[in-house]
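**Student:** Here's a structure for you.
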Amino acid sequence: MANLSDTIVETTKEVASEDKTLMELYLSSDLTLPFKDRRISDRRASGGMGGRRASDRGIPDRRKIRTCDMKKITVLIPCYNEEKGIGKVIDDVPKEKLAHLGYHTEIIVINNNSKDRTSKIAHEKGIRVISEKKQGKGNAIKTGFNSIGNDTDYVVMIDGDNTYKAKEIPRLIELLEDNFCDAVIGSRLEGKLKEASLSFSHRLANWFFTFLVRRFYFVNVTDTCTGYFAWKKKVVDELKFYLKSEGFAIETEMITKMAKLGYQVFSVPITYDKREGSSKLSPYIDGIKIVWMLIKNMSWNPKKRAIQNYSRQYDKYLDASKQADAKV
Ligand SMILES: Nc1nc2c(ncn2[C@@H]2O[C@H](COP(=O)(O)OP(=O)(O)OP(=O)(O)O)[C@@H](O)[C@H]2O)c(=O)[nH]1
Ligand SMILES: [Mg+2]
């Protein structure tokens, strides 16, 4: 220790003319500190007094993000007999990375009469599980939307079969956080398709549906049948009142109705892997429902629909008040 003190004293004298403080000396040296001083070690970690701080380099400084300042992401996972994939999807959600970026994460599994261990696995991992009795992915998503807390800022939807990679969530959120758009979809066709993940016929059908959406709805997306979405919460709050699909046409319905509602939707490339467990999709029946949804929504008018809903509610209110008057 004596040697260390001597070195410091000597060096201090040497650089006194340069007007450096003792602390700066410690910071610029590789010497081990003879005492614990968090201010000094912290400064060293961030590159010294003259160095650029993490926040200056575009990296959020975790010490500066107070818990109350954090935003919240709610991740919805619709599941029907997904015991093989659900655990992996939950584990893959990058909670720590998102916390570092300033986000809390809540995961909600929407279980639809699964006969396997889907619900048990999610419970064991401490995840909130909601049961929806009406079968179908569309029904599950609508229930999920109605279960989101008001404290949520962004909503993510991802399948439970481990085809999409939850660790890519930050890539989708970035576009929303930057206000680049209101909703983001993960594109498999412009992303990384792992071996045997998407058959040629499914790829072809996707190209065709995507062409129709781009041509007739003017949405600049590259994969309309994807199961990976992220929205600003305000979009979900409006969109949920207009959704009717019970099954796999839900994605097409959401994209086309978002376009009609005037929201900006873009795609980002994602990874798509071979599914775990068996598929619930009926290619022909669901394909026809998707095409019908595309045709039907071309004449869909959200304003007219909103007025219709409002006048229906108003009629109900008038009926109720007439009945109340009759009783008096
Ligand atoms: N809650 C609920 N989820 C469902 C239902 N049907 C499908 N899902 C879920 O929706 C997601 C997509 O279903 P998949 O069977 O993977 O359909 P797909 O991804 O279009 O087709 P594949 O390429 O074969 O995987 C999965 O997480 C399913 O568990 C349902 O009736 N209820
Ligand atoms: Mg799937």
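**Student:** What are the residues in region 250-265 that are surrounded by fewer than 18 Cβ atoms within 10 Å (Cβ to Cβ) and touching a residue at least 60 places away in the same chain (Cβ under 8 Å), if any?
**Tutor:** Within region 250-265, Q264 is the sole residue that qualifies.
**Student:** Sticking with this structure for a sec: I need the full set of residues from region 266-280 which are within 12 Å of ligand 2 (Cβ to nearest atom), surrounded by 15 or more Cβ atoms within 10 Å (Cβ to Cβ) and not charged (D, E, K, R), in order please.
**Tutor:** Residues of region 266-280 within 12 Å of ligand 2 (Cβ to nearest atom): 272-280.
Next, only the ones that are surrounded by 15 or more Cβ atoms within 10 Å (Cβ to Cβ) stay: 272-273, 275-277, 280.
Within region 266-280, Y272, G277 meet the criteria.
**Student:** A further question on this structure: If you scan region 133-143, which residues turn out to be among the polar types (S, T, N, Q) and either within 8 Å of ligand 1 (Cβ to nearest atom) or over 28 Å from I285 (Cβ atoms) (or both)?
**Tutor:** Applying the first criterion (among the polar types (S, T, N, Q)) to region 133-143 yields 135, 139, 143.
Once the filter is applied, which keeps residues that are among the polar types (S, T, N, Q) and either within 8 Å of ligand 1 (Cβ to nearest atom) or over 28 Å from I285 (Cβ atoms) (or both), region 133-143 yields Q135, N139.
**Student:** Can I ask one more? Considering each of G287, G247, G227 in turn, give the residue that is in contact (Cβ under 8 Å) with a residue 60 or more places away in the chain, assigned to a helix (DSSP H, G or I) and within 16 Å of ligand 2 (Cβ to nearest atom). Lay out the reasoning, then the answer.
**Tutor:** On the way: G247 fails: assigned to a helix (DSSP H, G or I); G227 fails: assigned to a helix (DSSP H, G or I).
Sole residue among the options that is in contact (Cβ under 8 Å) with a residue 60 or more places away in the chain, assigned to a helix (DSSP H, G or I) and within 16 Å of ligand 2 (Cβ to nearest atom): G287.
**Student:** State which residue pairs qualify: first residue farther than 25 Å from I169 by Cα and touching a residue at least 40 places away in the same chain (Cβ under 8 Å) and inside region 105-134, second residue among the acidic types (D, E) and away from ligand 2 (no atom under 16 Å from the Cβ) in any location, beta carbons under 8 Å apart, and separation of 6 or more residues or different chains.
**Tutor:** Here the result reads K134/E246, each pair linking region 105-134 to a residue that is among the acidic types (D, E) and away from ligand 2 (no atom under 16 Å from the Cβ).
**Student:** Continuing with this model, one more query. Please work out which residue is farthest from V156 (Cα to Cα), limiting yourself to region 191-224 and to residues that are without any contact (Cβ under 8 Å) to a residue 24 or more places away in the chain and among the aromatic types (F, W, Y). Don't jump to the end; show me each part of the working.
**Tutor:** Taking region 191-224 first, the residues without any contact (Cβ under 8 Å) to a residue 24 or more places away in the chain are 199-200, 203-204, 206-208, 210-211, 214-215.
Checking which are among the aromatic types (F, W, Y) leaves us with 200, 207-208, 211.
On the way: F200: 27, W207: 24, F208: 25, F211: 25 Å.
Ranking the qualifying residues of region 191-224, first place goes to F200.
**Student:** With the condition kept exactly as written, say whether any residue in region 158-181 is part of a loop (DSSP other than H, G, I, E, B), among the small types (G, A, S) and either within 16 Å of ligand 2 (Cβ to nearest atom) or closer than 17 Å to M254 by Cβ (or both). Give the derivation first.
**Tutor:** As a first pass, look at region 158-181 and keep what is part of a loop (DSSP other than H, G, I, E, B): 158-163, 165, 178-181.
This time we only want the ones that are among the small types (G, A, S), so: 160.
Now restrict to residues that are either within 16 Å of ligand 2 (Cβ to nearest atom) or closer than 17 Å to M254 by Cβ (or both): 160.
Yes, there is a match, as at least one residue in region 158-181 is part of a loop (DSSP other than H, G, I, E, B), among the small types (G, A, S) and either within 16 Å of ligand 2 (Cβ to nearest atom) or closer than 17 Å to M254 by Cβ (or both).
**Student:** Test of understanding: among E246, E276, E251, which residue is at pLDDT below 95, touching a helix residue (DSSP H, G or I) at 6+ places or on another chain (Cβ under 9 Å) and within 15 Å of ligand 1 (Cβ to nearest atom)?
**Tutor:** E276
**Student:** Something else: Kindly indicate which of K194, K234 is surrounded by fewer than 15 Cβ atoms within 10 Å (Cβ to Cβ) and at pLDDT below 95. I'd like the intermediate steps shown before the answer.
**Tutor:** Values: K234 fails: at pLDDT below 95.
So the residue among K194, K234 that is surrounded by fewer than 15 Cβ atoms within 10 Å (Cβ to Cβ) and at pLDDT below 95 is K194.
**Student:** Continuing with the same structure: Would you point out the residue of region 250-265, among those that are polar (S, T, N, Q) and over 18 Å from I158 (Cβ atoms), that is nearest to ligand 2 (Cβ to nearest atom)? Break it down into steps so the answer makes sense when it comes.
**Tutor:** If we filter region 250-265 for residues that are polar (S, T, N, Q), which is where we start, we get 252, 256, 264.
Filter once more, keeping what is over 18 Å from I158 (Cβ atoms): 256, 264.
Values: T256: 21, Q264: 26 Å.
The qualifying residue nearest to ligand 2 (Cβ to nearest atom) is T256.
**Student:** Here is a further query. Is it the case that some residue within region 215-222 is closer than 30 Å to S119 by Cα and touching a helix residue (DSSP H, G or I) at 6+ places or on another chain (Cβ under 8 Å)?
**Tutor:** no
**Student:** Output the residues belonging to region 97-132 that are part of a loop (DSSP other than H, G, I, E, B) and more than 11 Å from ligand 1 (Cβ to nearest atom). Write out each step before concluding.
**Tutor:** Step one: list which residues in region 97-132 are part of a loop (DSSP other than H, G, I, E, B), which gives 102, 112-117, 125-127, 132.
Answer for region 97-132, where residues must be part of a loop (DSSP other than H, G, I, E, B) and more than 11 Å from ligand 1 (Cβ to nearest atom): G102, K115, R117, K125, G126, I127.
**Student:** Then there's this: Does any residue of region 291-303 turn out to be within 16 Å of ligand 2 (Cβ to nearest atom), surrounded by fewer than 18 Cβ atoms within 10 Å (Cβ to Cβ) and at pLDDT 95 or above? I'd like the intermediate steps shown before the answer.
**Tutor:** Kept after step one, since they are within 16 Å of ligand 2 (Cβ to nearest atom), are these residues of region 291-303: none.
No, there is no match, as no residue in region 291-303 is within 16 Å of ligand 2 (Cβ to nearest atom), surrounded by fewer than 18 Cβ atoms within 10 Å (Cβ to Cβ) and at pLDDT 95 or above.
**Student:** Out of the residues in region 144-176 that are surrounded by 21 or more Cβ atoms within 10 Å (Cβ to Cβ) and of a type in the set (S, T, Y), which is nearest to ligand 1 (Cβ to nearest atom)?
**Tutor:** Once the filter is applied, the top-ranked residue is T163.
**Student:** Also, quick follow-up: Being in a loop (DSSP other than H, G, I, E, B), over 13 Å from the mean Cα position of the chain (by Cα) and within 18 Å of P78 (Cβ to Cβ) is the requirement here; does D151 meet it?
**Tutor:** Values: in a loop (DSSP other than H, G, I, E, B): yes; over 13 Å from the mean Cα position of the chain (by Cα): yes; within 18 Å of P78 (Cβ to Cβ): no.
So D151 fails the test.
**Student:** Scan region 186-195 and give yes if some residue there is within 11 Å of the chain's Cα centre (by Cα) and closer than 27 Å to K244 by Cα, otherwise no.
**Tutor:** Residues of region 186-195 within 11 Å of the chain's Cα centre (by Cα): 186.
Of the ones still in play, those that are also closer than 27 Å to K244 by Cα are 186.
Within region 186-195, one or more residues are within 11 Å of the chain's Cα centre (by Cα) and closer than 27 Å to K244 by Cα.
The values are calculated or read from the model by the stated rules, or taken from the named source; none is laboratory data. Just so it is clear, the structure is predicted and the values come from calculations on it, not from any experiment. Ideal geometry is used to build each Cβ from the backbone, glycine not excepted, and the neighbour counts take in all protein chains shown.
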